[in-house]
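The values are calculated or read from the model by the stated rules, or taken from the named source; none is laboratory data. What you are looking at is a predicted structure, and each value in this text was computed from that prediction instead of being measured. Every residue, glycine as well, gets a Cβ built from its backbone with ideal geometry; the counts of neighbours run over all protein chains shown.
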Amino acid sequence: MNEHPASSASDEQIEAAIARARQSPFYQRHLDGIAIRSRAELRRAPLTTKDHLRDASPNGMLIVPRERAWHYHETSGTTGEPISTWCGLPEVQQMGAIVHRMTPELSQPSMLLNRFPLFAPVSFVFEEAMRTAGYCHIAAGNLSWDVPFDRALDFLIRLEATALSSLPLEPILLREVARTKGISLPGAVEALKVLFLGGAILPPAMRRMIERDFGARIVEIYGSNETLLMGVGCTAGRLHVSEELVEMELLDAQSQVPVAPGELGVVTITSLVHTVAPLVRYFTGDLARAHVDACACGTPGRTIEVFGRFDDVIRWNGVRLSHYELLDACYDFVPKLGARIFFVVIQPDKLRLLVEVDHPANRLNPSAESELAARVKMPIEVEYLAENDVLDRSALFRTPKIYKPSQISDWRGSGRKTITIMEALLEWPKFDRATIYHLIRRQIASARRRRRFLRDKPA
């Protein structure tokens, strides 16, 4: 079977990367007795899976003493035990330099509002990019209690920030904050030149909508907490593999052999520069397709399109639909209604699209709905709802609360059956009866005490 164009990794780089990985307790066992001295021999190595990382946490992937690692991160653990990830300063500095090199806007006087939380390694990649540029970095992660969404918008406007880094849905939420406050975009953020968006899928229609709303260019960022940076978007809108950082394979999800150029495969990563917790053939679970033509920007190497998680692909009567393709279709559909905010519920026999619109009773659009159904090739029902039925905008002013919001909920399994963006992004703790009783009793007692204090008169 044909392979994708060769990456820039040399046999010497691969051999050095494998030798470095063998210093960890995990790879001492995982690669025991397997000789790997070249790119061609890399396929001898067994895959590394998320379960391997989970079982090896917290220390099994380390090749240095823990105190020599520069950054530590854990996944949320919502789908199992948390996974520990470690990284070193040298690779983060190299990643920041790549982001700077790929973004001409950072060669001009710049100010970046960084909305990635400090607990996530990607936040430090952007800090290093601005350090390389020599310009201002505003650490205002969306988990910071001090910077809810309305204050982040205020920073963009009042400080005349020229760049924003965030999850792809954040600009859409910021637009809703602006609408609520009567602020017109993109005029109010005319200094904004570039948006770095990553951490979730970024389908073309969503990208076009954000670029229109903000009047700024989007640079797609691809990576994960385990692998760190894997790709950066260019001026031509393509996502370039960061081949000086990683050796990337695209493998068939079932057979785990390389796919042909232009076919979908699971991104599989071998670290080339990671100094703390390198990975060998890490099977990320992300579906991607490599472009077979050269990029118009002139940057050499492969460009890819990332379609989201393989496990998220919807299969129905022979149809295969990724979340990327579903969101792309929805983002093409909702502007025809003058809308932005929507939520999709996946049920066993159909999709439900909940869209916030003005005057829901008058918004029926049968022709647009037919086009949407033809595109997704699945039964889909559209429900037209009023503002705040899908997104409670008041929460965006109270606290940040948002890390990785979702617009899709799959009801076919045993997981949470959410129906709004706010429900999807929050997972409240589950209390037993004794705890609930204690909370209620405390609230009542505090309310009574407050009233008593207010009734007290100075002697």
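Scanning region 305-327 for residues that are more than 17 Å from LEU167 (Cβ to Cβ) and not hydrophobic (A, V, I, L, M, F, W, C), which turns out surrounded by the fewest Cβ atoms within 10 Å (Cβ to Cβ)? Looking at the filtered set, the residue picked out is GLY318. Return yes or no: is GLY237 assigned to a loop (DSSP other than H, G, I, E, B) and either at pLDDT 95 or above or closer than 18 Å to HIS100 by Cβ (or both)? So GLY237 passes the test. The residues listed here are GLN23, GLN28; of these, the one that is exposed (fewer than 14 other Cβ atoms within 10 Å of the Cβ) and part of a loop (DSSP other than H, G, I, E, B) is GLN23. When residues in region 324-348 are screened for being more than 23 Å from HIS240 (Cβ to Cβ) and assigned to a helix (DSSP H, G or I), 10 of them pass. Of the residues making up region 271-289, those that are under 19 Å from ALA40 (Cβ atoms) and among the aliphatic types (A, V, I, L, M) are LEU272, VAL280.
Looking across region 199-225, the residues that are among the basic types (Lys, Arg) and in a helix (DSSP H, G or I) come down to ARG207, ARG208, ARG212. Residues in region 64-75 that are surrounded by 14 or more Cβ atoms within 10 Å (Cβ to Cβ) and more than 20 Å from PHE283 (Cα to Cα) were compared, and the one that is farthest from the chain's Cα centre (by Cα) is VAL64. Flag: PHE196 matches the condition of being in contact (Cβ under 8 Å) with a residue 12 or more places away in the chain, not in a helix (DSSP H, G or I) and not polar (S, T, N, Q).
Put simply, of GLU81, GLU3 the only residue that is acidic (Asp, Glu), modelled with pLDDT under 95 and either more than 27 Å from SER123 (Cβ to Cβ) or part of a helix (DSSP H, G or I) (or both) is GLU3. Among the criteria (1) more than 24 Å from the chain's Cα centre (by Cα); (2) over 28 Å from GLU176 (Cβ atoms), the one GLY285 does not fulfil is (1). Among the residues of region 248-270, none is identified as buried (at least 23 other Cβ atoms within 10 Å of the Cβ), more than 16 Å from ARG44 (Cα to Cα) and either in contact with a helix residue (DSSP H, G or I) (Cβ under 9 Å, 6 or more places away or on another chain) or at pLDDT below 95 (or both). Out of region 126-147, which residues are in contact with a Ser or Thr (Cβ under 9 Å, 6 or more places away or on another chain) and within 21 Å of THR75 (Cα to Cα)? Selection gives PHE126, ALA139, GLY141, ASN142, TRP145. When region 102-139 is examined, which residues are found to be buried (at least 24 other Cβ atoms within 10 Å of the Cβ) and among the small types (Gly, Ala, Ser)? Listed by number, the list holds a single entry, ALA129.
Taken over region 417-436, the criterion of being at pLDDT 80 or above and in a loop (DSSP other than H, G, I, E, B) is satisfied by LYS417, THR418, ILE419, THR420. Scanning region 173-207 for residues that are at positive phi and touching a Lys or Arg at 6+ places or on another chain (Cβ under 8 Å) returns a single hit, GLY199. For region 251-284, the set of residues classified as outside any loop (DSSP other than H, G, I, E, B) and either within 21 Å of LEU31 (Cα to Cα) or out of contact with any Lys or Arg (no Cβ under 8 Å at 6 or more places or on another chain) (or both) consists of LEU251, PRO258, VAL266, VAL267, THR268, ILE269, THR270, SER271, TYR282, PHE283, THR284, listed by residue number.
Sub-8 Å Cβ pairs linking a first residue in region 161-183 that is more than 26 Å from VAL99 (Cβ to Cβ) to a second residue that is acidic (Asp, Glu), at least 6 apart or interchain, are VAL177/ASP150; LYS181/ASP150, ordered by first then second residue. Restricting region 111-141 to residues that are assigned to a loop (DSSP other than H, G, I, E, B) and touching a Lys or Arg at 6+ places or on another chain (Cβ under 8 Å), the residue that is nearest to GLU226 (Cα to Cα) is GLY141.
When residues in region 356-377 are screened for being of a type in the set (A, V, I, L, M) and modelled with pLDDT under 95, 4 of them pass. Take the conditions surrounded by fewer than 17 Cβ atoms within 10 Å (Cβ to Cβ), within 24 Å of the chain's Cα centre (by Cα) and among the hydroxyl-bearing types (Ser, Thr, Tyr) and apply them to THR49. Does it pass? Spelling it out, THR49 is indeed surrounded by fewer than 17 Cβ atoms within 10 Å (Cβ to Cβ), within 24 Å of the chain's Cα centre (by Cα) and among the hydroxyl-bearing types (Ser, Thr, Tyr). Within region 349-402, work out how many residues are part of a helix (DSSP H, G or I) and under 18 Å from PRO171 (Cα atoms). Of the residues in region 349-402, 4 are part of a helix (DSSP H, G or I) and under 18 Å from PRO171 (Cα atoms).
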